[in-house]
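The values are calculated or read from the model by the stated rules, or taken from the named source; none is laboratory data. All values derive from a computational prediction rather than experimental measurement. Using ideal geometry, Cβ is built from the backbone for each residue, glycine included, and neighbour counts are taken over all protein chains shown. All accessible areas refer to the heavy atoms of the entire protein, side chains included, with ligands and DNA or RNA removed. Shrake-Rupley method; radii C 1.70, N 1.55, O 1.52, S 1.80 Å.
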Amino acid sequence: MQTYKLKRWWICLIFPIGFLLTLLFKQFPQLTEQVFSRGIYRVLSHVLNWITGLLPFSLAEWLLIAFVLGAVAYLVYGVVTVERHKGERKWRAYRWGVNLLCALAVLYGAFLLLCGFNYYRVPFYQQAGLTIEESGVEELYNTTQILLNQVNEYRAQVQEDELGVMALSGDSKQTAQQAKEAFNALEENYPVLYSGYSQPKEVFFSRAMSYLNLSGVFFPFTAEANVNRDIPDYEIPYTYCHELMHLRGFMREDEANFAAFLACIGSDSVDLRYSGALMALNYCMNALYSADRELYAQIAGQLCDGAWRDMQYGSEYWRQFEGPIAQVSTSVNDAYLKANDQQHGVQSYGLVVDLLIAYYRQ
């Protein structure tokens, strides 16, 4: 037993080391930015993403399925092993528990190296030269009006399906490639958004993601940007770009939303431009509705019928998945975000409005 301790317990040192490094990086964002985000993470993510990018499918999806099945099998194995060896139950339970702790320590360390420390880097808006200030209703209204004009312009140029709802002009691979190219183009104005990553991937069991209230997921252990292909078409390009921002090491949700907007509206594809403008408009309209109902009504009255159909279709799509599964998934996501220094939790997805206002103010 003593020999076993010497062979295994040292792995659990990853926990205190990781915790101390987290405190260090949280205290010194510039250190995180220069040493980790632009150094260690950039190399690791590019190499890992190049390897998984060779696969035409999402490796992350199948690893997650294997992980869940493996975890259940390991739990059953532990119970059965302890039960069958009555004379060694304490020893068997001890060994099972140590193995579990070691596995969790390795996962924790891998998470920090492939994602976790990036939560403490210098915020993207600072690197982009934007200033976040307290804004009034007038500025919010003006920003919303700009986005409204863009949405009405682009909506007249996109395709529709038989329901009169926006339909992507190309298949998922073409759209993913367009999203990749649009995001790569951001490097010219924002050098910290390095290019060289593979395009995002659609998830085979996308419908299951909808039940979990997820549009996309960045999986750090494979460095893949994964997207739910079942969601309404107007959300897909924006979600592609959102996950590509995470792949570049920016983990805050408001910044991922903002960068997705920048990539989309700068694209040559009208599908991407419309997706970015409509998603941004939706965030701003929600904020305006809370701030001033009369101004919201003015904006709503100017929105073209096609965009209204798209937004209504999106609301109806997500409404069908409301229930305990979605609630649990949202709660878990909220806890995860707060545990990684995003104090607003899932509400941080809507903080993009402050960045949009700062962008148009500039």
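For region 117-139, filtering for residues that are part of a helix (DSSP H, G or I) and crowded, with 21+ Cβ neighbours inside 10 Å leaves 4.
Is it the case, given these coordinates, that S210 is part of a loop (DSSP other than H, G, I, E, B), over 22 Å from L55 (Cβ atoms) and of a type in the set (S, T, N, Q)?
Working: part of a loop (DSSP other than H, G, I, E, B): no; over 22 Å from L55 (Cβ atoms): yes; of a type in the set (S, T, N, Q): yes.
No, not satisfied.
Among residues belonging to region 301-343 that are of a type in the set (D, E) and modelled with pLDDT of 70 or more, point out the one that is farthest from Y289 (Cα to Cα).
First, the residues of region 301-343 that are of a type in the set (D, E): 305, 310, 316, 322, 334, 341.
Narrowing the set further to residues that are modelled with pLDDT of 70 or more leaves 305, 310, 316, 322.
On the way: D305: 19, D310: 19, E316: 20, E322: 23 Å.
Step by step, filter region 301-343, then rank; the result is E322.
Being open to solvent by 100 Å² or more (accessible area, probe 1.4 Å) and modelled with pLDDT under 85 is the filter here; which residues of region 60-90 pass it? Break it down stepwise before answering.
Just the residues of region 60-90 that are open to solvent by 100 Å² or more (accessible area, probe 1.4 Å), to begin with: 62, 67, 69, 77, 83-84, 86, 90.
Listed by number, the residues that qualify are Y77, E83, R84, K86, K90.
Residue count for region 217-251 under the criterion of being in a helix (DSSP H, G or I) and among the aromatic types (F, W, Y): the result is 3. Within region 97-114, identify whether any single residue is open to solvent by less than 70 Å² (accessible area, probe 1.4 Å) and in contact with a Ser or Thr (Cβ under 9 Å, 6 or more places away or on another chain), and answer yes or no. Within region 97-114, one or more residues are open to solvent by less than 70 Å² (accessible area, probe 1.4 Å) and in contact with a Ser or Thr (Cβ under 9 Å, 6 or more places away or on another chain). The lone criterion from (1) among the aliphatic types (A, V, I, L, M); (2) within 28 Å of F117 (Cα to Cα); (3) surrounded by fewer than 23 Cβ atoms within 10 Å (Cβ to Cβ); (4) in contact with a helix residue (DSSP H, G or I) (Cβ under 6 Å, 6 or more places away or on another chain) left unmet by I265 is number (2). Note on region 147-179: among residues that are among the acidic types (D, E) and over 24 Å from Y197 (Cα atoms), the one that is most open to solvent (accessible area, probe 1.4 Å) is E162. Kindly evaluate A277 against the criterion of being aliphatic (A, V, I, L, M) and touching a Cys at 6+ places or on another chain (Cβ under 9 Å). So A277 fits the description; yes.
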